[in-house]
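Take a look at the structure set out below.
The values are calculated or read from the model by the stated rules, or taken from the named source; none is laboratory data. What you see is a predicted model; the values in this text were computed from it and never measured. Counting neighbours? That spans all protein chains shown, and the Cβs are built from the backbone with ideal geometry, glycine included. Side chains are part of the model used for accessible areas, which takes the heavy atoms of the whole protein and leaves out ligands, DNA and RNA. Shrake-Rupley method; radii C 1.70, N 1.55, O 1.52, S 1.80 Å.
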Number of protein chains: 2
Amino acid sequence: MVEPKMSQPLSSSVGDYLKAVWGLAGPGVAAPKYLSSRLSVSSASVSEMLRRLQELGLVEYERYRGASLTEEGRAEALRLVRRHRLIETFLLEHLGYPWEEVHEEAERLEHAVSDNFTERVAQLLGHPDRDPHGAPIPGADGTLAREDSRPLSGASVGDRVRILRVGREDTPALTHLQDRGLVPGRVLRVEEVRGLDGVVTVEDEDGVSHALGGVLAASVLVRGL
Amino acid sequence: MVEPKMSQPLSSSVGDYLKAVWGLAGPGVAAPKYLSSRLSVSSASVSEMLRRLQELGLVEYERYRGASLTEEGRAEALRLVRRHRLIETFLLEHLGYPWEEVHEEAERLEHAVSDNFTERVAQLLGHPDRDPHGAPIPGADGTLAREDSRPLSGASVGDRVRILRVGREDTPALTHLQDRGLVPGRVLRVEEVRGLDGVVTVEDEDGVSHALGGVLAASVLVRGL
DNA sequence: ATCGTATTTTAGGCAAACCTAGAAAATTTT
DNA sequence: AAAATTTTCTAGGTTTGCCTAAAATACGAT
Ligand SMILES: [Mn+2]
Ligand SMILES: [Mn+2]
Ligand SMILES: [Mn+2]
Ligand SMILES: [Mn+2]
């Protein structure tokens with residue numbers, strides 16, 4: 001149990017740090033270096049913020065090692081992730097945003113909307129369980145569906161798979177995949193997995209072949225058919 | 001002409017100050033006292049901010065008198081007002097918010113949404129020209145429709161009028177009016193305008209009478225039928 | 001015109017987020 | 001096991017936005 005401590009609402013910065021810790025590590029420890037590059041902030045800023053987050057009871061922090069979320073920190077991170085993913089879905093389905101642009105807008109809106117807004121959007125959307133990128137949407141109660149997907153980079157030649165999720169959020173990568181129709185729901189057949197450089201070649205439902213570099217292939221999460 | 005000066009996006013605080021100056025004064029001068037009470041901020045903070053706004057070229061400021069908007073400041077204020085009013089309309093019509101609750105949520109969201117978001121919402125709503133409180137929505141080009149309404153407090157006994165707009169944004173007042181059906185569009189007959197205390201009594205379309213205090217009556221804007 | 005009150009400004013502080021430069025610790029390479 | 005490199009932390013500084021207390025100015029009333 002954690003002290004209630006009736007805190008004032010947390011800032012956008014605090015929220016983004018918590019999401020970043022959660023995003024990498026789940027229950028594990030996020031290194032300062034990772035947070036620094038992920039949040040585009042100096043390591044000095046990270047050190048300072050981690051000390052403050054510990055002060056606030058949101059992370060456990062050990063100097064020179066990094067930070068992991070407390071129960072309270074995890075709850076706050078999941079609350080933001082829920083907002084983020086519902087907002088993305090809303091932007092796509094109701095405002096006609098292009099698939100690759102929803103993330104950026106959601107990154108700001110997630111800090112400005114109320115719980116009231118969030119739940120009304122959830123209702124409007126019919127309580128979806130995945131966002132436009134295939135990521136599971138945490139429940140209002142903080143539960144998160146288990147993921148049974150595997151990276152395309154680990155598939156074998158001949159596998160027939162369906163894209164379940166795209167684990168990237170930068171616009172260039174999303175645009176690239178979108179242009180080739182490599183989005184959640186698409187069915188692929190694996191033509192080649194090259195050990196040398198990790199390039200994976202797949203054929204889509206229309207018989208078109210696509211070659212993906214190792215890093216990109218690792219972020220395309222699939223499930224066998 | 002004002003220097004371009006390619007500024008980074010303005011903060012929420014700056015935006016709310018600009019809206020407050022615009023809200024009172026139009027082209028006139030807003031006194032520090034007014035801004036202080038409207039924004040719930042100390043007069044010291046107001047002095048400081050007005051100096052900065054002048055520095056940024058957003059207001060003209062004369063010590064001990066107050067501030068008025070420059071062209072650039074006015075444009076920014078109108079941009080925010082447009083967002084605010086479109087968001088309110090959206091919250092009411094698409095998310096089912098109660099009439100009296102839309103303002104508060106819009107006050108935060110107006111600072112977080114992009115122009116892209118704003119214009120997509122405008123399109124979704126069919127480019128409305130009034131928000132749920134009857135206030136005109138500025139165009140994307142910064143134009144604002146002329147208002148030909150008069151305060152109910154200035155009406156004469158026997159007048160038949162239609163509510164065009166409610167010029168309040170605090171939830172208690174809005175709830176009070178909403179409960180009595182005194183919202184934009186409603187038609188009323190003026191039964192009494194009491195010189196002594198300014199109380200105005202009106203009869204609505206269902207034959208129900210309502211007495212409004214002078215201040216409240218002044219914020220109900222009507223047009224003769 | 002002067003007094004008293006109300007308003008506004010100045011002075012001095014504080015907290016949140018960021019930064020750069022340099023010191024310290026950890027890790028990897030030789 | 002040193003040395004070299006990388007990572008992290010500390011020190012000190014900046015900007016934004018707020019505050020209280022006290023001084024300066026303006027205004028309204030005698
Ligand atoms: Mn996203
Ligand atoms: Mn964010
Ligand atoms: Mn409003
Ligand atoms: Mn606002």
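Here's a check for you: in the range A:78-99, which residue that is among the charged types (D, E, K, R) and within 13 Å of another protein chain (Cβ to nearest Cβ) is nearest to A:Thr175 (Cα to Cα)?
Step one: list which residues in the range A:78-99 are among the charged types (D, E, K, R), which gives A:79, A:82-83, A:85, A:88, A:93.
The next check asks that each one be within 13 Å of another protein chain (Cβ to nearest Cβ); those that pass are A:83, A:88, A:93.
On the way: A:Arg83: 23, A:Glu88: 16, A:Glu93: 18 Å.
Among residues in the range A:78-99 that are among the charged types (D, E, K, R) and within 13 Å of another protein chain (Cβ to nearest Cβ), the one nearest to A:Thr175 (Cα to Cα) is A:Glu88.
For the range A:111-120, which residues satisfy the criterion of being facing another protein chain (nearest Cβ under 9 Å) and of a type outside the set (A, V, I, L, M, F, W, C)? Reasoning before the result, please.
Our first condition is that a residue be facing another protein chain (nearest Cβ under 9 Å); within the range A:111-120, this holds for A:111-114, A:116-117, A:120.
Across the range A:111-120, the qualifying residues are A:His111, A:Ser114, A:Asn116, A:Arg120.
From the list B:Arg52, B:Arg79, which residue is basic (Lys, Arg) and away from DNA strand C (no atom under 16 Å from the Cβ)?
Values: B:Arg52 fails: away from DNA strand C (no atom under 16 Å from the Cβ).
So the residue among B:Arg52, B:Arg79 that is basic (Lys, Arg) and away from DNA strand C (no atom under 16 Å from the Cβ) is B:Arg79.
Restricting attention to helices (runs of 4 or more DSSP H) lying wholly within the range A:112-225, give those where 2 or more residues are over 21 Å from A:Leu24 (Cβ atoms). Even if it seems obvious, please write down each step before you answer.
Numbers: elements: A:115-124, A:171-179, A:214-219.
Fully inside the range A:112-225 and qualifying: A:115-124, A:171-179.
Just checking, how many residues over the range B:147-203 are touching a Pro at 6+ places or on another chain (Cβ under 7 Å) and of a type in the set (D, E, K, R)?
The first filter runs over the range B:147-203 and keeps only residues touching a Pro at 6+ places or on another chain (Cβ under 7 Å), leaving B:147, B:163-166.
Filter once more, so that each one left must be of a type in the set (D, E, K, R): B:147, B:165.
Within the range B:147-203, residues that are touching a Pro at 6+ places or on another chain (Cβ under 7 Å) and of a type in the set (D, E, K, R) number 2.
Working carefully through the options A:Leu50, A:Leu24, A:Leu18, find the one that is within 28 Å of A:Asn116 (Cβ to Cβ) and assigned by TED's automatic domain parsing to the domain that holds A:Asp131.
Values: A:Leu50 fails: within 28 Å of A:Asn116 (Cβ to Cβ); A:Leu24 fails: within 28 Å of A:Asn116 (Cβ to Cβ).
Just a single option satisfies the conditions, and that option is A:Leu18.
Can you tell me which residues in the range B:61-73 are open to solvent by 40 Å² or more (accessible area, probe 1.4 Å), touching a Leu at 6+ places or on another chain (Cβ under 8 Å) and not in a helix (DSSP H, G or I)?
Across the range B:61-73, the qualifying residue is only B:Tyr61.
May I ask you to say which residue of B:Leu95, B:Leu86 is more than 19 Å from the chain's Cα centre (by Cα) and within 26 Å of A:Asp115 (Cα to Cα)? Spell out the reasoning first.
Numbers: B:Leu86 fails: more than 19 Å from the chain's Cα centre (by Cα).
None of the others qualify; the one that does is B:Leu95.
Yes/no matrix, rows are residues, columns are (1) more than 14 Å from chain A (Cβ to nearest Cβ); (2) open to solvent by less than 20 Å² (accessible area, probe 1.4 Å); (3) modelled with pLDDT under 95:
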position: B:Arg108; (1), (2), (3): no, no, no
position: B:Ala122; (1), (2), (3): no, yes, no
position: B:Pro128; (1), (2), (3): yes, no, no
position: B:Asp131; (1), (2), (3): yes, yes, no
position: B:Arg160; (1), (2), (3): yes, no, no
position: B:Leu174; (1), (2), (3): yes, yes, yes
position: B:Pro184; (1), (2), (3): yes, no, no
position: B:Asp197; (1), (2), (3): yes, no, yes
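May I ask you to say which residue of B:Gly139, B:Gly154 is out of contact with any strand residue (DSSP E or B) (no Cβ under 9 Å at 6 or more places or on another chain) and more than 14 Å from chain A (Cβ to nearest Cβ)?
Values: B:Gly154 fails: out of contact with any strand residue (DSSP E or B) (no Cβ under 9 Å at 6 or more places or on another chain).
The unique qualifying residue is B:Gly139.
Given the conditions (1) within 15 Å of ligand 4 (Cβ to nearest atom); (2) not assigned by TED's automatic domain parsing to the domain that holds B:Val187, report the number of the one that B:Glu169 does not fulfil.
Only one criterion in (1) within 15 Å of ligand 4 (Cβ to nearest atom); (2) not assigned by TED's automatic domain parsing to the domain that holds B:Val187 is unmet by B:Glu169, namely (2).
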